[in-house]
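A short write-up of the structure that comes next.
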Amino acid sequence: MTDRLPRDGSTTGTGLRIGMVVYGDLTHDSRVQREAGSLAGAGHSVTIYCLAGAVDRLPGLDPRVSVVIEPVRAGGVGPGDANSLARSAGTGRLRRTFDRLGWLLGYARSLRSWGRRVARLAGQVDVWHAHDLAGLVAISAAIGPGSDQISPALVYDVHDLFVETGSAVRLPGPIRRLLRRYERHLVRRVDLVVAVNRELARVFAARCDPRTIIVVHNCPPVWAPETPARDLIREAAGIAPGTPLALYHGLLGGNRGIERMCESILEPGLERAHLALLGYGPMREPLADLAAQARFGGRIHLLDAVPPTELLAWVASADVGLLPMPRTTLNLFLSTPNKLFECLAAGVPVVVSDFPAVREIVVDDPLGPLGSTCDPSQVAEIGAATRSLLELAPLAMADLRARCARAARERWNWEAESAGLVAAYARLAAERTGVPGA
């Protein structure tokens with residue numbers, strides 16, 4: 001069953017007809033929502049096709065954007081259905097290989113079937129905007145030779161390197177190499193690649209040699225805090241005013257280094273510091289058990305995720321944002337997490353891994369450093385980097401927070417980042433109509 005969920009009935013525009021493809025849940029995907037809104041604001045007609053989405057909980061989605069939910073059919077394989085990979089853990093090597101190959105083939109069949117259904121629902125569009133390799137595979141199968149689609153343009157939005165993340169990392173090496181070759185083959189048909197940061201764009205360009213590639217960082221819009229600001233985290237957690245407070249916010253999942261962040265507040269000089277974990281995810285219960293251990297003295301606090309429209313006000317009540325992501329995959333090494341830009345927008349200095357993509361933003365900013373770097377594999381370094389910020393004198397901390405907020409206002413904001421995307425679509429429109437600036 002397909003659910004059509006127009007936001008306000010206004011889904012037409014004077015520009016291109018754009019179909020956005022997301023083989024996943026739209027609810028927490030701020031990048032897709034922001035891009036769709038910016039393109040709708042530029043006069044294009046945008047419809048997002050996805051597996052699921054709590055549309056009533058998407059207050060940030062532009063009302064001119066339509067959402068069509070087309071779930072995976074019974075027996076199909078969705079993005080979270082890696083059960084055969086999990087079940088095969090600990091079994092023989094040959095069995096694991098067959099299980100993983102079977103999962104991949106089922107996933108590919110489901111993608112292609114889903115993409116054909118989406119194309120039929122959409123009818124003729126001018127541009128297909130595919131998010132991640134799953135979206136590209138799905139829609140490429142539907143717009144090839146013999147399809148009803150008449151030469152639509154194709155945009156590939158690269159959120160990460162597919163074979164370097166999630167279930168794909170656990171596939172055998174030969175299969176991963178075949179997937180990289182297949183991605184390169186599909187990219188030959190792509191008119192425009194949109195990447196999340198410069199480091200990932202550099203690696204992707206070397207691997208796939210796209211025709212055109214632009215970078216659009218996933219920054220929040222310019223934010224103006226309410227006055228007077230509330231001390232939301234300390235109030236919710238029962239922490240005394242003025243207590244040094246570090247924050248991790250976002251997914252409470254594996255491969256985030258959260259356990260090391262917890263251990264780091266036991267380092268010398270952080271005896272008074274508290275750590276708040278604000279978010280949701282599969283690690284919540286184990287982290288609650290960890291936080292309850294007597295050695296932490298009640299200084300670790302788990303808080304429920306808050307609506308996106310309220311998030312920056314909560315982040316702003318922290319003294320330091322912790323983002324020491326481990327180098328467990330190439331994607332994490334290349335990543336510029338959303339929470340980095342959210343901290344800067346809220347005027348909160350950050351502790352980040354000493355990796356090129358985030359170092360360029362945090363250390364090399366024209367205004368000066370916006371935080372500290374560390375080796376994320378070393379608890380002592382995370383603690384030292386955190387302490388170096390928390391022990392700043394009040395005037396120095398105020399100056400650092402002001403620099404973070406100014407960098408966000410001047411550079412790291414959605415208004416600035418989306419301009420490149422809107423301009424790229426204007427060029428696509430001109431190519432299709434022959435009218436400059438169409």
Figure the gain on full extension for A74 and A396 (residue separation times 0.36 nm, minus the Cα-Cα span) and round it to one decimal in nm. 110.1 nm
Name the most mobile residue of E410, E235, E226, meaning the one with the largest mean-square fluctuation, in a Gaussian network model of the chain with Cα contacts below 10 Å. E226
Would you mind getting me the FRET efficiency between R116 and R327? Use the beta-carbon distance for r and R0 = 35 Å, nearest 0.05. 0.35
Could you give the angle, 0 to 90 degrees to the nearest 10, between helix 30-41's Cα long axis and the longest principal axis of the Cα atoms of the chain? 60
Between the stretch 29-72 and the stretch 148-196, how far is it from one alpha carbon centroid to the other, in angstrom? 22
With +1 on each Lys and Arg Cβ and -1 on each Asp and Glu Cβ, how big is the dipole of the stretch 117-241 about its Cα centre, in debye rounded to the nearest 20? 660
The orientation-averaged projected area of the Cα convex hull of the stretch 288-438, in nm², is 12.2
Measure off 7 Å from each Cα along the Cα-to-Cβ vector at A229 and Q378, then give the distance between these two points in nanometres to one decimal. 3.1
Across the stretch 173-178, in residue order, what do the Karplus-derived ³J(HN,Hα) couplings come to in whole Hz, using 6.51 cos²θ - 1.76 cosθ + 1.60 with θ = phi - 60° and x for Gly and Pro? x, x, 5, 5, 5, 5
For the stretch 267-314, alpha-carbon Rg relative to the globular expectation (2.2 N^0.38 Å, N residues): 1.31
How large is ³J(HN,Hα), in whole Hz, for each residue of the stretch 278-295 in order, when computed from phi with the Karplus curve 6.51 cos²θ - 1.76 cosθ + 1.60 and θ = phi - 60°, using x for Gly and Pro? 10, x, 8, x, x, 8, 4, 5, x, 5, 5, 5, 5, 4, 7, 5, 4, 5
Over the chain, average the accessible area per residue using a 1.4 Å probe and give it in Å², no decimals. 44
Can you give me the solvent accessible area of Y182 with a 1.4 Å probe, rounded to the nearest 10 Å²? 80
Working with all protein chains in place, sort V363, V65 by solvent-accessible area computed with a 1.4 Å probe, largest first. V363, V65
Scoring only Lys, Arg, Asp and Glu (+1, +1, -1, -1) among other residues with Cβ under 12 Å from the Cβ of S372 yields -2
Hey, what number do you get for the chain at 222 nm if only DSSP H runs of n ≥ 4 count, each worth -39500 (n - 2.57), divided across all residues, to the nearest 500? -12500 deg cm²/dmol
Within the set D99, D157, D62, GNM on the chain using Cα springs under 10 Å gives the largest fluctuation to D99
Dipole of the chain [Lys/Arg +1, Asp/Glu -1 at C-beta], most positive-end residue of L390, A236, H44: H44
Name the residue, out of M397, M261, M20, whose mean-square fluctuation peaks in a Gaussian network model built on the chain with Cα pairs under 10 Å. M397
Non-local amide H neighbours of L302 (under 5 Å, H modeled in plane, Pro and chain starts lacking H): which ones? L277
I'd like the carbon and sulfur percentage of the solvent accessible area for the stretch 170-274, probe radius 1.4 Å, heavy atoms only, ligands and nucleic acids excluded. 52
What translational diffusion coefficient, in µm²/s and rounded to a whole number, does the Stokes-Einstein relation yield for the stretch 222-286 at 20 °C and a viscosity of 1.002 mPa s, taking the hydrodynamic radius as the Kirkwood radius over Cα pairs? 158
Table column - 3J(HN,Hα) (Hz), the stretch 388-397, Karplus curve with 6.51, -1.76, 1.60, x for Gly and Pro: 4, 8, 5, 8, 4, 5, x, 5, 5, 5
Specify whether the C-alpha gyration tensor of the stretch 156-222 places it in the rounded, prolate or oblate class, a ≥ b ≥ c being the square roots of the eigenvalues: rounded for a/c under 1.5, otherwise prolate if a/b is larger than b/c and oblate if not. oblate
7 Å from Cα along Cα→Cβ at both S151 and V222: what's the point-to-point distance in nm? 4.1
So how exposed is T329, as accessible area in Å² (1.4 Å probe, rounded to 10)? 30
Can you send over the carbon and sulfur percentage of the accessible area for the stretch 384-438, probe radius 1.4 Å, protein chains only? 60
Local electrostatic count at L332 - Lys and Arg +1, Asp and Glu -1, tallied over other residues with Cβ under 11 Å: 0
Tell me the net charge near L251. Cut-off is 12 Å between Cβ atoms, L251 excluded, with +1 for each Lys or Arg and -1 for each Asp or Glu. +3
To the nearest 0.05, what FRET efficiency results for E410 and L105 with a Förster distance of 51 Å applied to their C-beta separation? 0.55
Within the stretch 121-145: backbone nitrogen closer than 16 Å to the I214 label point (7 Å, Cα to C-beta): 127-131
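The values are calculated or read from the model by the stated rules, or taken from the named source; none is laboratory data. Everything numeric here is computed off the predicted structure, so don't read it as measured data. Using ideal geometry, Cβ is built from the backbone for each residue, glycine included, and neighbour counts are taken over all protein chains shown. We work out accessible area using only protein heavy atoms, side chains counted, and drop any ligands, DNA or RNA first. Shrake-Rupley method; radii C 1.70, N 1.55, O 1.52, S 1.80 Å.
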